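For reference, the structure discussed in these notes is given below.
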Amino acid sequence: MTEPAYAAVDWGTSSFRLWLIDRAGQVLAERRSGEGMLAAAKTGFPAVLQSHLAAVEAPDHLPVLVCGMAGAKTGWVETGYVDTPAPLAAILKQAALVPGELRDIRILPGIAQRDANTPDVMRGEETQLLGALGLDAAGEALVCMPGTHSKWVRVKGGIVEHFSTFMTGELFSVVSRETILSLAVVGADDAEDVASFKAAVVAAFKAPAFAANLLFTARSRQLLFGGTPAAARETVSGTLIGVELAAGLSGAVPKAGVTLIASGRLATLYRLAFEALAVTVQPIDADEAVRRGLSMAAAAIWMK
């Protein structure tokens, strides 16, 4: 059996993912749980990590590389930020060693945009960018990274020049659960209504200033014309994503289109949204991107 070279961890706010990886970059084992930063802060980061390492029978000496919220101020060890304009290569050089641990555990830094007009931060997404674009990326890329807090990033010549965060996923959760629109989406389950979703994306993209009004149509249309719960949910989702795309696509778009780093349902939704607007996308799986980024960083740290 191939021996593991290191463990790679993507530690988010509400999620934990660990991969056991060999020197060739192949995944030997995988663990996923809901023990993100919020849960680990209560349980203890070392205990959570060790439980998953034990589950995949990782050797005691195996080094661990972590990205994401474990490096936040409220995380395990604060790792700080690389400031924009941020070369992706700089991420590899600023991994912080976790003190007091028997094994070598390092946490990668995030990226900060210290602009008084557009202050912003990211943690974890910088590793996906590294894995998706590489260190020697030529030309310019406009990257969309959907999530609870979606990121839109402009990268030129391997340097993160500017980025913006959109609370699209979090807003969808709040609006669909905590407002009058919760009545409209009850019973939607896994049903899909692609037509309603695309129509909402286009409407919001064309008139983002009317977002609050467009959201309410999910309820009023249902009351007046008998729309389904699925149509209402997709109207809410499409409106919020359409508003995000109106901002994200407001600048110049590279000839190659938008690089979309996403997985699962979010990947499907955003592909449909870009399709509705006739925008070319280059899709990259988010899990694959973060693993590749962690592998690049591990190689730079331990396999020189």
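The numbers here are math on the coordinates, done by the rules we state, and not lab data. Values in this document were obtained by computation on a predicted structure and should not be read as measured data. We place every Cβ from the backbone using ideal geometry, glycine too, and count neighbours over all the protein chains shown.
Using every pair of alpha-carbon atoms in segment 1-80, split the distances into 10 Å bins beginning at 0 and state the percent of pairs per bin, rounded to integers.
Per 10 Å bin, starting at 0, the Cα pair percentages come out as 20, 53, 25, 3.
Could you line up Ser150, Ser33 from fewest to most neighbouring Cβ atoms inside 10 Å?
Values: Ser150 24, Ser33 15.
Least crowded to most crowded, the residues run Ser33, Ser150.
Please figure out what share of the DSSP beta bridges in segment 6-136 is antiparallel and state it in percent, rounded to the nearest 5.
Working: 17 of 28 bridges.
If we restrict to bridges inside segment 6-136, about 60 percent are antiparallel.
Beyond 36 Å, what share of the Cα-Cα pairs of the chain is found? Please give it as a whole percent.
On the way: 10352 of 46056 pairs.
The answer is 22 percent, as a whole percent.
Can you compute log10 of I(q)/I(0) for segment 1-44 with the Debye formula, treating each Cα as one identical point scatterer, at q = 0.26 Å⁻¹?
Debye curve over Cα of segment 1-44, log10 I(q)/I(0) at q = 0.26 Å⁻¹: -0.80.
Would you mind counting up the charge near Phe163? Only other residues with Cβ under 15 Å from its Cβ, with Lys and Arg at +1 and Asp and Glu at -1.
On the way: positive: Arg114, Arg123, Lys151, Arg154, Lys156; negative: Asp83, Asp115, Asp120, Glu125, Glu126, Glu140, Glu161, Glu244.
Spelling it out: positives minus negatives among the neighbours equals -3.
Quick one: grab Rg to one decimal and Dmax as a whole number for segment 6-136, Cα atoms only, in Å.
In Å, with Rg to one decimal and Dmax whole: 14.6, 48.
Would you kindly calculate the mean projected area, averaged across all directions, of the convex hull enclosing the Cα atoms of segment 166-285, in square nanometres?
Working: hull surface 28.7 nm².
For the Cα atoms of segment 166-285, the hull's average projected area reads 7.2 nm².
For segment 223-304, taking Cα atoms only, what is the radius of gyration to one decimal and the Dmax to the nearest whole Å?
17.6, 66
I want the local charge near Glu3. Using Cβ-Cβ distances under 11 Å, sum +1 for each Lys or Arg and -1 for each Asp or Glu among the other residues. Walk me through the numbers before you get to the answer.
Numbers: positive: Arg23; negative: Asp22.
My count for the surroundings of Glu3 gives 0.
Using a Förster distance of 41 angstrom, determine the FRET efficiency expected from the C-beta separation of Asn213 and Lys255, and round it to 0.05.
Values: r = 35 Å, r/R0 = 0.85.
With a Förster radius of 41 Å, E is 0.70.
Please work out the ratio of the alpha-carbon Rg of segment 97-175 to 2.2 N^0.38 Å and round it to two decimals. It would help to have the intermediate numbers written out before the result.
Values: Rg = 15.0 Å, N = 79, 2.2 N^0.38 = 11.6 Å.
Cα-based Rg divided by the globular estimate yields 1.30.
Please list the helices of the chain that count as membrane-span-like by this rule: a mean Kyte-Doolittle hydropathy of at least 0.5 together with Cα atoms stretching 20 Å or more along the helix axis, each helix being a complete DSSP H run.
Numbers: long enough: 211-225 (21 Å, 0.58); 229-248 (28 Å, 0.65); 286-302 (24 Å, 0.42).
Once both thresholds are applied, what remains is 211-225, 229-248.
How many nm separate the modelled label positions at Gln50 and Glu30, each set 7 Å beyond the Cα in the direction of the Cβ?
Going from the Gln50 label point to the Glu30 one covers 2.7 nm.
Amide H to amide H, which residues 5 or more places from Asp104 or on other chains are under 5 Å from it, using H placed in the peptide plane?
Placed amide hydrogens put Val64 under 5 Å from Asp104.
Hey, which aspartates and glutamates would be in cross-link range of Lys151, C-alpha to C-alpha under 12 Å, not counting anything within fewer than 8 residues on its own chain?
Asp120, Glu125, Glu126, Glu244
What is the set of long-range amide H partners of His162 at a cut-off below 5 Å, with H atoms built 1.01 Å from backbone N?
For His162, the qualifying residues are Arg154.
Taking 0.36 nm per intervening residue step and subtracting the Cα-Cα distance, what contour gain separates Asp22 from Thr2 on full extension? Can you show the working numbers first?
Working: separation 20, 0.36 × 20 = 7.20 nm, distance 0.68 nm.
Value of the extension gain: 6.5 nm.
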